[in-house]
1. Rounded to the nearest whole Å³, what is the per residue volume of the convex hull around the Cα atoms of the range 86-153?
2. How much solvent-accessible surface does residue 50 expose, in Å² to the nearest 10, with a 1.4 Å probe and all protein chains in place?
3. Which shape class, rounded, prolate or oblate, goes with the range 172-212 when its Cα gyration tensor gives a ≥ b ≥ c as root eigenvalues, a/c under 1.5 marks rounded, and past that a/b bigger than b/c marks prolate?
4. Pairs to check: 86/177; 86/114; 100/151; 100/177; 61/151. Give those whose C-alpha atoms are more than 26 Å from each other in this structure.
5. Would you pull out the residues with amide H under 5 Å of residue 103's amide H, same chain only if 5 or more places away, H placed 1.01 Å from N?
6. Sorted by accessible area with a 1.4 angstrom probe, largest first, how do 150, 81 fall?
Amino acid sequence: RMCALANVPIVDLIGPTLDTLSSYFETVPNGVPDAWYSGRTKSKLSDNYFRRVEAVEFTLKADDGRCPWLLPEADVILLGVSRTGKTPLSVVLSQMMGLKVVNIPLVLECPPPKELFDEDTIDSRRVFCLTISPSELKRTRTTRLERRGVKATEEKYSKVFELGKTSNYNDRAYILKDLKSARDLVERHGWTQIDVTGRAVEETASSIAEQLNERGLAFLSTLDN
């Protein structure tokens, strides 16, 4: 009706389907949008479900250090150099455990956001820094450069303009320096380090959840619905 009043074209995609199903099953829709069926059991979307949705939205908004002002609201703060798996882990923590996560990339040439060091608003027990073996990090970064065509581009223009190597992103010496800088930062502030070398994302998420429990910090573990 509102579309007709506003002179907006409308296509009913659901109505014919529901009419056919109603006729076949000789019943009518109950009009309850917050109910779903699992096997023979009817379930309603719980508060945990909506908490999880809220956590995912928060986490995606705060991904890759985009909203440092949200740090005080985070249940978990993830730190780490590039390619340590911060974003996938953030998504698992929010989607499966209902945790609001902010992840901050640690870049050798750029200081972290100042909000991270505010002891009045940031609980250091919620800060976790992901670390990884240099060899694994080098392999991952090299693969990333190759997939993005960076290596081929560098080789092409280095011949034209007689340039040397322009990217040290996957250079072992740079990687070692990158990891050491992150490790030193974490040790200065008493944050928790987690080695993700050879670990599944779910395993790391479980480890963080266990440590939160041990520290008396409430979180939603295995969410229903």
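The values are calculated or read from the model by the stated rules, or taken from the named source; none is laboratory data. It should be emphasised that the depicted structure is a prediction, and the values quoted were computed from it without experimental measurement. Side chains included, ligands, DNA and RNA excluded: accessible areas come from the protein's heavy atoms. Shrake-Rupley method; radii C 1.70, N 1.55, O 1.52, S 1.80 Å.
1. Convex hull volume per residue, Cα atoms: 134 Å³.
2. Number for this one is 110 Å².
3. Numbers: a/c = 5.34, a/b = 1.46, b/c = 3.66.
Oblate is the answer for the range 172-212, as a/c is 1.5 or above yet b/c matches or exceeds a/b.
4. Numbers: 86/177 19 Å; 86/114 20 Å; 100/151 36 Å; 100/177 30 Å; 61/151 31 Å.
Listed pairs above 26 Å: 100/151; 100/177; 61/151.
5. Residues meeting the amide H criterion: 64, 65, 78.
6. Heavy-atom accessible area, descending, gives 150, 81.
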